[in-house]
1. Any idea which of (1) out of contact with any helix residue (DSSP H, G or I) (no Cβ under 6 Å at 6 or more places or on another chain); (2) outside any loop (DSSP other than H, G, I, E, B); (3) modelled with pLDDT of 75 or more is the one I61 doesn't satisfy?
2. Any chance region 216-226 includes a residue that's out of contact with any Asp or Glu (no Cβ under 7 Å at 6 or more places or on another chain) and not in a helix (DSSP H, G or I)?
3. From the list R122, R189, R181, exactly one residue is surrounded by fewer than 21 Cβ atoms within 10 Å (Cβ to Cβ), in contact with a Pro (Cβ under 8 Å, 6 or more places away or on another chain), outside the structural domain of D47 (by TED's automatic domain parsing) and more than 21 Å from Y52 (Cα to Cα). Which is it?
4. Within region 34-46, take every residue that is in contact with a helix residue (DSSP H, G or I) (Cβ under 7 Å, 6 or more places away or on another chain) and within 19 Å of E137 (Cβ to Cβ) and give me the one that is surrounded by the fewest Cβ atoms within 10 Å (Cβ to Cβ).
5. Quickly run through region 182-215 and pick out the residues that are more than 18 Å from A136 (Cβ to Cβ), part of a helix (DSSP H, G or I) and either touching a His at 6+ places or on another chain (Cβ under 9 Å) or not polar (S, T, N, Q) (or both).
6. Looking at Q206, is it within 28 Å of Q114 (Cα to Cα), polar (S, T, N, Q) and out of contact with any Pro (no Cβ under 6 Å at 6 or more places or on another chain)?
7. So the check is Cβ under 6 Å with 6+ separation or different chains; which pairs have a first residue in region 156-173 that's part of a loop (DSSP other than H, G, I, E, B) and a second one that's among the polar types (S, T, N, Q)?
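The values are calculated or read from the model by the stated rules, or taken from the named source; none is laboratory data. Here the structure is a predicted model, which means the values were calculated and not measured. Note: ideal-geometry Cβ built from the backbone for every residue, glycine included; neighbour counts use all protein chains shown.
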Amino acid sequence: MRFRFSQSVLSWMLLFFLASLPCFGGEVAILKNGFSIKHERREIVGDLTRLYVNASGSSFIDVPTAEIEHFEPAPPEPVEDSAARTESPVVPLRTASNGRPSAFPQRPVTDLSQVVNDASGRYRLDPDLVNSVIKAESGFNAHAVSPKGAQGLMQLMPGTAAQLGVPNAFDPQANVDGGTRYLRELLERYNFDLVKALAAYNAGPQRVEQFGGVPPYYETRAYVAKIVKDFNKKKIAQGKAAPSKSSVAQTKRSTTSATGTKKDSKTAAGTTVASAQGK
């Protein structure tokens, strides 16, 4: 008996096989939404692919495996010289490992890690926190639209986007810049209480002030807990990379606020919140 598989089925089987293999060395994940994420290595965690964006493995992004189109070797770092700056940029054709043109079509992609790092640097936030918010808000889908009308990666409402000066909420750079700026404003508003800031990002500042904290809404509480859990997972990984600092933090059971001030606290999820302030 002969079995015939369509090209799409074979492509999915190949992608799953490649994604399930541990990868070491510089690589780029090309997502279906047009983003690229440069990473050092990757591994499968359930239905997610964990992309480690630094060599130590202390910072990573979890992406649904089904949203990954394929992987490519990371391009070499560009070498700037006078000739390169005067010539028109040339986009090379993607090639497979055998040197032949790749079956995947060439298209412009956006390095999501760079977008997040740039915005986090401007507003002095930890990029791991911004990535955790994006994951909870849109699952890294730049074209996501909620039932209430929130748009883009960080799910900005049209009115909020207008106040933040974001003309197109579906533009990744503008959306992440506006969302990161808004999160920074909320942190300052609530004296860098990350839990209250996240609750306000989800339910609105009016509700947080009405209830004096996280509103008694299941959606909001689950949202805050989800981000805190994901963020803490990354901070724990960083702590393992620096065991001396981690042991001190575990002993004191304290948290570092977005301003760098130590304070004892726990979230509703029962996990400690690490620093929300970028270094």
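1. Here I61 clears every test but (1).
2. yes
3. Working: R122 fails: in contact with a Pro (Cβ under 8 Å, 6 or more places away or on another chain); R181 fails: in contact with a Pro (Cβ under 8 Å, 6 or more places away or on another chain).
Unique residue meeting the criteria: R189.
4. Once the filter is applied, the top-ranked residue is F35.
5. E185, E188, R189, P205, E209, F211
6. On the way: within 28 Å of Q114 (Cα to Cα): no; polar (S, T, N, Q): yes; out of contact with any Pro (no Cβ under 6 Å at 6 or more places or on another chain): yes.
No: the conditions fail for Q206.
7. A169/Q151; A169/N175
To keep it simple, each residue is scored yes or no on (1) more than 22 Å from N33 (Cβ to Cβ); (2) modelled with pLDDT of 95 or more.
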residue: P172; (1), (2): no, no
residue: G178; (1), (2): no, yes
residue: Y190; (1), (2): yes, yes
residue: A200; (1), (2): yes, yes
residue: P205; (1), (2): yes, yes
